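A.B. asks: Before anything else, here's the structure in question.
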Amino acid sequence: MKLFILIMGWYSGLLLAACPDMDTLQATYEITLSDKKNSTSQLVLSRHGQWVAHQYPKQKITETWLRTAHGRLKKTRYFEHFHRAIEYAPGETIQGKRPLSWAMRYQLVEPALLAQLTKVHSETLECDTVETYQGVVDGEQVELSWMAGSHLVKYFIKQQGARQIRWKLVDVEYDQAKVTRYKRELESYQTTDFADIGDDHTDPFLTDMVHQGFIEHGSDGVYHAPHNH
Amino acid sequence: MKLFKYSLIATAMLTLVACDGDDGVNGSDGADGIDGNDGLNSLVLQTRLDVGDSNCPNGGVQIDSGQDDNNDGELQDAEIDASEYVCSPGNTEVAASQLRTSLDNSWFQRASQQVSANKETWISATQVASPKGAAAMGPGQGKAKNVILFVGDGMGISTITAARILEGQMQGKAGEEHQLSFERFPFAGLSKTYNVDAQTPDSAGTMTAMMSGVKTDVGVIGVDADIERGDCSTVAGNELVTALELAELAGKSTGIVSTARITHATPAATYAKSADRNWEDISDMPQGTECLDIAYQLVNFEPLLEQRFPAYADTINGIEVAFGGGRRHFLPKDAAFNSADAASEVEGDRTDNLDLTQLWQDAYAGGIYVEDQAGFDAIPASAERVFGLFNESHMQYEADRGNDIAGEPSITEMTSKAIDILAQNENGFFLMVESGRIDHAHHAGNAYGALQDTIAFADAIQAAVDMTDPQETLILVTADHGHVFTIAGYPKRGNPILGKVVNVGAEEPALAADGMPYTTLGYANGLGYRNLADVTNSDASYVTNNGQPDTGRKDLTDVDTTTAGYHQEALIPLSSETHSGEDVSIHASGPGAWLANGTHEQSMIFHLMNYAADLVQKAEENAVSMAAIND
């Protein structure tokens, strides 16, 4: 009996070892907006434990969130061109505004959305399960392909009339060393506390903050909690 | 070093001995005797002694004398037969030379002359004769055993007015007739805040002016305007002496309290010399720099001051009280050093692996290091020395203090505890208290936060008034600069200061030419409108609207502008609201307070404190008495 348990344990360990650590990855998304005029952008989602980064290659800006031991989210915005960063206080919920949800940062989708949709298909893979959801939310037709094991959106389509937003996972890497290197590089940037932005009016980076570039509204996740667009 | 040689001429002498009886015929002269050996040269060696020498604490000359036994023309140690010392009588000249950067500075000289001129004006106007035997002394001069300098960072006059009204209204009054604690002080004047190179100043240049009597450039700490910002090599020779350092030399206890990081510009200007205000820890500095970061200078304040003033080594005993935020600058960049309420994955920023909090505890065995409210509460009033770092970065806004995970003391609690500890010294104390976040709330465009912190600051000042004797304690309340914060329109008496303008005789908000209501308070520039309801952290504005400004007019008809999270409209879009260039007020109580009476250069505040406490004179007397003890 003991031998059997040992063998089973060894076998499970092998199976687990064959699957990557879903908490450490880099996932690249292509975001396409089809409307009167079309546009395409990219977002690279990096995860490392309680740390998540959203990199916007076009704007050369990365936003990261750290989930602290007390469950608060600490945001840092990195300006790659300047090798500078602005650190924000661990966030509090801002009433009447979009809450800073960890799920939105970590997996780009609120769990509330999945609860509103209908699962129409499920496929079990070696290390993951891919589920397809469909439904109508706030008058928009939504289709979502969800990798339940890795908590990744495979694709997401939201359509209302001629306007369509499509998110597509184009690459995912589970390279721990690469993510660590990337994180370290960001952490080597010179940081400034958000509260100190107004202190130093001789620093050209800070005085020109308004023009350094900001992330388009709504591109930091495919869907927020209902009524919180 | 001078070497003087004196030669002696050696002679040989012969003695003749005679017998009784007739004198015989003198014989012929004998042959000349053999010449004797040359005598030894006597040498004198004169050596200048530096300040701090064990025989001459104030410096002097050592005179060694002896014979040149080995005829090598030099006085070796073994040949010295006697040593005598001519010691400098006191260290007045030494102090002057060490203060040269200040004394030769035209800002210093002009501000000093302003004190003298004011003194003459006062004496002339009041016919108060100088006490007999003290002709040079003015009223109150040297009478302040204790000095407390309160600095409201960014607390311009419009901020004081609005806070006064808000506090009055919170007490059920109309508000306008109310007075904040320090507005009841008997004397007030105005302070011109500009920096040497800037019309609208920053905290580094302004606080350096207040602490050392010398106006300087934007962005530099404790050094004069001959410095090149960011260039470490220009620091040497341009360091200024601060009132806190002079108090230390005079044998007083010293303390600093701030709700900002304790390494931030205002508190830093009391103890540090830095070519850049941003050099708060070593990771902020250029690689390979030979300059010391600000946090390191705080923890090593005592040995660094002793290096500059070795004659005072027995008196200098370091800063007794330091309360504030900014733990990140004192800890290594290593998660193993994180504190209980760390906000970052790795709290410390130091790349030299130094844990300055531990070094401080190692240096001061009797000291108490604390990080939270519980630790603070446990500090006894009899504590010898305390170091409190209550936040990774700045401490919380007063309105937001309840949200701190580990808990933080209020500015009143910190001030009271500081006075308890410092007042144990019979020679008195110097204390600087900064309300650092008035400035930050204004930068974020949030009047509520700025006014609440101003009211908390006024409470701390009242606590200091209650705990000290006005006969022996000078209390100054001032600001480093103002903000572009206005009180506008024609609201009726008692109209809520955070509300919309309601005209005299009206009940409904007045409408502007665009048909929309408007608030009494507003900003000329900044991020502009935010309506964050009950959010008490003013900095939420930086994460709202992606940190982008939202300036111009908004329809405020259905907006409650009196809430904590309301951010006033602004005109010019900037990533942060800015300082202003107008004068700020100085409120004074205690010995010498009458000097705050007119429009002054900001650098005059140092001279006012020096006048009241006679810091330079007391420091010099202290050195003389130490020299006497050592003799």
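A.B. asks: Could you list, in sequence order, the residues of segment B:496-537 that are of a type in the set (A, V, I, L, M, F, W, C), buried (at least 19 other Cβ atoms within 10 Å of the Cβ) and modelled with pLDDT of 95 or more? If you could, list the steps in order and put the result at the bottom.
C.D. replies: Of all residues in segment B:496-537, those of a type in the set (A, V, I, L, M, F, W, C) come to B:497-498, B:501-502, B:504, B:506, B:510-513, B:516, B:521, B:524, B:527, B:532-533, B:535.
Among the residues that remain, those that are also buried (at least 19 other Cβ atoms within 10 Å of the Cβ) are: B:497-498, B:501-502, B:521, B:527, B:532, B:535.
Of everything in segment B:496-537, those that are of a type in the set (A, V, I, L, M, F, W, C), buried (at least 19 other Cβ atoms within 10 Å of the Cβ) and modelled with pLDDT of 95 or more turn out to be B:ILE497, B:LEU498, B:VAL501, B:VAL502, B:LEU521.
A.B. asks: Can we say B:THR599 is over 25 Å from B:HIS394 (Cα atoms), among the polar types (S, T, N, Q), under 35 Å from the mean Cα position of the chain (by Cα) and more than 9 Å from chain A (Cβ to nearest Cβ)?
C.D. replies: On the way: over 25 Å from B:HIS394 (Cα atoms): yes; among the polar types (S, T, N, Q): yes; under 35 Å from the mean Cα position of the chain (by Cα): yes; more than 9 Å from chain A (Cβ to nearest Cβ): yes.
So B:THR599 fits the description; yes.
A.B. asks: Out of B:THR254, B:THR259, B:THR266, report the one residue that is assigned to a helix (DSSP H, G or I), in contact (Cβ under 8 Å) with a residue 60 or more places away in the chain and either on the phi > 0 side of the Ramachandran plot or under 17 Å from the mean Cα position of the chain (by Cα) (or both). If you could, list the steps in order and put the result at the bottom.
C.D. replies: Numbers: B:THR254 fails: assigned to a helix (DSSP H, G or I); B:THR259 fails: assigned to a helix (DSSP H, G or I).
Answer to the selection: B:THR266.
A.B. asks: I'd like the residue in segment A:181-198 that is among the aliphatic types (A, V, I, L, M) and within 8 Å of another protein chain (Cβ to nearest Cβ) and, out of all such residues, is surrounded by the most Cβ atoms within 10 Å (Cβ to Cβ). If you could, list the steps in order and put the result at the bottom.
C.D. replies: Just the residues of segment A:181-198 that are among the aliphatic types (A, V, I, L, M), to begin with: A:186, A:195, A:197.
Adding the requirement that they be within 8 Å of another protein chain (Cβ to nearest Cβ) leaves A:195, A:197.
Working: A:ALA195: 28, A:ILE197: 26.
Looking at residues that are among the aliphatic types (A, V, I, L, M) and within 8 Å of another protein chain (Cβ to nearest Cβ), I get A:ALA195.
A.B. asks: Of all residues in segment B:339-354, which are at pLDDT 95 or above and farther than 17 Å from A:TYR189 by Cβ?
C.D. replies: Within segment B:339-354, B:ASP352, B:ASN353, B:LEU354 meet the criteria.
A.B. asks: Further, regarding this structure: Could you tell me which of the residues B:ALA374, B:ALA406 is touching a residue at least 24 places away in the same chain (Cβ under 8 Å) and not in a loop (DSSP other than H, G, I, E, B)?
C.D. replies: Details: B:ALA406 fails: not in a loop (DSSP other than H, G, I, E, B).
Result: B:ALA374 is the single residue among B:ALA374, B:ALA406 that is touching a residue at least 24 places away in the same chain (Cβ under 8 Å) and not in a loop (DSSP other than H, G, I, E, B).
A.B. asks: Same structure, new question: For segment A:175-190, what are the residues that are among the basic types (Lys, Arg) and more than 22 Å from B:THR351 (Cβ to Cβ)?
C.D. replies: From segment A:175-190, those among the basic types (Lys, Arg) are A:178, A:181, A:183-184; that's our starting set.
Passing the criteria: only A:LYS178.
A.B. asks: Additional query: Within segment A:26-74, track down each residue that is β-branched (Val, Ile, Thr) and not in a strand (DSSP E or B).
C.D. replies: A:THR68
A.B. asks: Next up: Residues in segment B:487-502: is at least one in contact (Cβ under 8 Å) with a residue 24 or more places away in the chain, under 34 Å from the mean Cα position of the chain (by Cα), away from chain A (no Cβ under 14 Å) and under 30 Å from B:SER603 (Cα atoms)?
C.D. replies: Looking only at segment B:487-502, we keep the residues that are in contact (Cβ under 8 Å) with a residue 24 or more places away in the chain, and these are B:487-489, B:491, B:493-500.
Pick out the ones that are also under 34 Å from the mean Cα position of the chain (by Cα) and you get B:487.
With the extra rule that they be away from chain A (no Cβ under 14 Å), the set shrinks to B:487.
Then keep just the ones that are under 30 Å from B:SER603 (Cα atoms); that gives B:487.
Yes.
A.B. asks: Please verify whether segment B:147-157 includes one or more residues that are over 17 Å from B:ARG437 (Cβ atoms), of a type outside the set (A, V, I, L, M) and not in a loop (DSSP other than H, G, I, E, B). Lay out the reasoning, then the answer.
C.D. replies: Of all residues in segment B:147-157, those over 17 Å from B:ARG437 (Cβ atoms) come to B:147-149, B:157.
Narrowing the set further to residues that are of a type outside the set (A, V, I, L, M) leaves none.
No - not one qualifying residue is present in segment B:147-157.
A.B. asks: Just need a number here: residues in segment B:513-537 that are more than 11 Å from every other protein chain (Cβ to nearest Cβ) and either in contact with a strand residue (DSSP E or B) (Cβ under 8 Å, 6 or more places away or on another chain) or among the acidic types (Asp, Glu) (or both).
C.D. replies: Here is the first cut: in segment B:513-537, the ones more than 11 Å from every other protein chain (Cβ to nearest Cβ) are B:513-524, B:528-529.
Filter once more, keeping what is either in contact with a strand residue (DSSP E or B) (Cβ under 8 Å, 6 or more places away or on another chain) or among the acidic types (Asp, Glu) (or both): B:514, B:517-524, B:528-529.
Result for segment B:513-537: 11.
A.B. asks: For segment B:277-329, which residues satisfy the criterion of being within 29 Å of A:HIS201 (Cβ to Cβ), part of a helix (DSSP H, G or I) and basic (Lys, Arg)?
C.D. replies: Those that are within 29 Å of A:HIS201 (Cβ to Cβ), part of a helix (DSSP H, G or I) and basic (Lys, Arg): B:ARG327, B:ARG328.
A.B. asks: Of everything in segment B:277-292 that's surrounded by 24 or more Cβ atoms within 10 Å (Cβ to Cβ) and of a type in the set (Asp, Glu), which residue is farthest from B:ALA204 (Cα to Cα)?
C.D. replies: Checked segment B:277-292; the qualifying residue farthest from B:ALA204 (Cα to Cα) is B:ASP281.
A.B. asks: Can you tell me which residue within segment B:560-570, out of those that are of a type in the set (Ser, Thr, Tyr) and buried (at least 21 other Cβ atoms within 10 Å of the Cβ), is nearest to the other protein chains (Cβ to nearest Cβ)? Please lay out each step first, then the result.
C.D. replies: Kept after step one, since they are of a type in the set (Ser, Thr, Tyr), are these residues of segment B:560-570: B:561-563, B:566.
The next check asks that each one be buried (at least 21 other Cβ atoms within 10 Å of the Cβ); those that pass are B:561, B:566.
Values: B:THR561: 15, B:TYR566: 12 Å.
Among those that are of a type in the set (Ser, Thr, Tyr) and buried (at least 21 other Cβ atoms within 10 Å of the Cβ), it is B:TYR566.
A.B. asks: Okay, next question. Return the residues of segment B:546-559 that are in contact (Cβ under 8 Å) with a residue 12 or more places away in the chain and more than 9 Å from chain A (Cβ to nearest Cβ); say none if nothing qualifies.
C.D. replies: Listed by number, the residues that qualify are B:ASP550, B:THR551, B:GLY552, B:ARG553, B:LYS554, B:ASP555, B:LEU556, B:THR557, B:VAL559.
A.B. asks: Of the residues B:ALA268, B:ALA260, which single one is buried (at least 24 other Cβ atoms within 10 Å of the Cβ), under 30 Å from B:LYS143 (Cα atoms) and within 14 Å of chain A (Cβ to nearest Cβ)?
C.D. replies: The unique qualifying residue is B:ALA268.
A.B. asks: Continuing with the same structure: Out of segment A:36-57, which residues are away from chain B (no Cβ under 12 Å), free of Cβ contacts under 8 Å to residues at least 40 places away in the same chain and surrounded by 13 or more Cβ atoms within 10 Å (Cβ to Cβ)?
C.D. replies: A:GLN42, A:VAL44, A:GLN55, A:PRO57
A.B. asks: From the residues in segment B:118-142 that are loosely packed, with under 12 Cβ neighbours inside 10 Å and either under 21 Å from B:LEU190 (Cα atoms) or within 29 Å of the chain's Cα centre (by Cα) (or both), which one is modelled with the lowest pLDDT?
C.D. replies: So the residue we want is B:ALA136.
A.B. asks: Output the residue which, of all residues in segment B:194-231 that are within 16 Å of the chain's Cα centre (by Cα) and charged (D, E, K, R), is nearest to B:LEU292 (Cα to Cα).
C.D. replies: Narrowing segment B:194-231 to residues within 16 Å of the chain's Cα centre (by Cα): B:202-216, B:219-224.
Filter once more, keeping what is charged (D, E, K, R): B:202, B:215, B:224.
Values: B:ASP202: 22, B:LYS215: 22, B:ASP224: 17 Å.
Only one residue fits best here, namely B:ASP224.
A.B. asks: Still on this structure: Given the criterion at negative phi, hydroxyl-bearing (Ser, Thr, Tyr) and outside any strand (DSSP E or B), identify the matching residue among A:SER150, A:SER145.
C.D. replies: Values: A:SER145 fails: outside any strand (DSSP E or B).
That would be A:SER150, the only listed residue that is at negative phi, hydroxyl-bearing (Ser, Thr, Tyr) and outside any strand (DSSP E or B).
A.B. asks: Could you list, in sequence order, all residues of segment B:571-595 that are away from chain A (no Cβ under 14 Å) and not in a strand (DSSP E or B)?
C.D. replies: First, pick out the residues of segment B:571-595 that are away from chain A (no Cβ under 14 Å): B:571, B:582-595.
Residues satisfying the conditions are B:GLU582, B:ASP583, B:GLY590, B:PRO591, B:GLY592, B:ALA593, B:TRP594, B:LEU595.
A.B. asks: Which members of segment B:140-199 meet the condition of being closer than 28 Å to B:ASN610 by Cβ and acidic (Asp, Glu)?
C.D. replies: Selection gives B:ASP153, B:GLU183, B:ASP197.
A.B. asks: Only one of these is within 23 Å of B:MET207 (Cα to Cα), modelled with pLDDT under 95 and buried (at least 21 other Cβ atoms within 10 Å of the Cβ): B:ALA460, B:ALA444. Name it.
C.D. replies: On the way: B:ALA460 fails: modelled with pLDDT under 95.
Testing whether each residue is within 23 Å of B:MET207 (Cα to Cα), modelled with pLDDT under 95 and buried (at least 21 other Cβ atoms within 10 Å of the Cβ) leaves just B:ALA444.
A.B. asks: Against the condition at the interface with another protein chain (Cβ under 8 Å from one of its Cβ atoms), surrounded by 21 or more Cβ atoms within 10 Å (Cβ to Cβ) and out of contact with any helix residue (DSSP H, G or I) (no Cβ under 8 Å at 6 or more places or on another chain), how does B:ALA540 come out, does it pass? Quick ask: steps written out before the conclusion?
C.D. replies: Values: at the interface with another protein chain (Cβ under 8 Å from one of its Cβ atoms): yes; surrounded by 21 or more Cβ atoms within 10 Å (Cβ to Cβ): yes; out of contact with any helix residue (DSSP H, G or I) (no Cβ under 8 Å at 6 or more places or on another chain): yes.
Answer is yes for this residue.
The values are calculated or read from the model by the stated rules, or taken from the named source; none is laboratory data. As the structure is a prediction and not an experimental result, all values here were calculated from the model. Please note: Cβ atoms are built from the backbone with ideal geometry, for glycine as well, and neighbour counts cover all protein chains shown.
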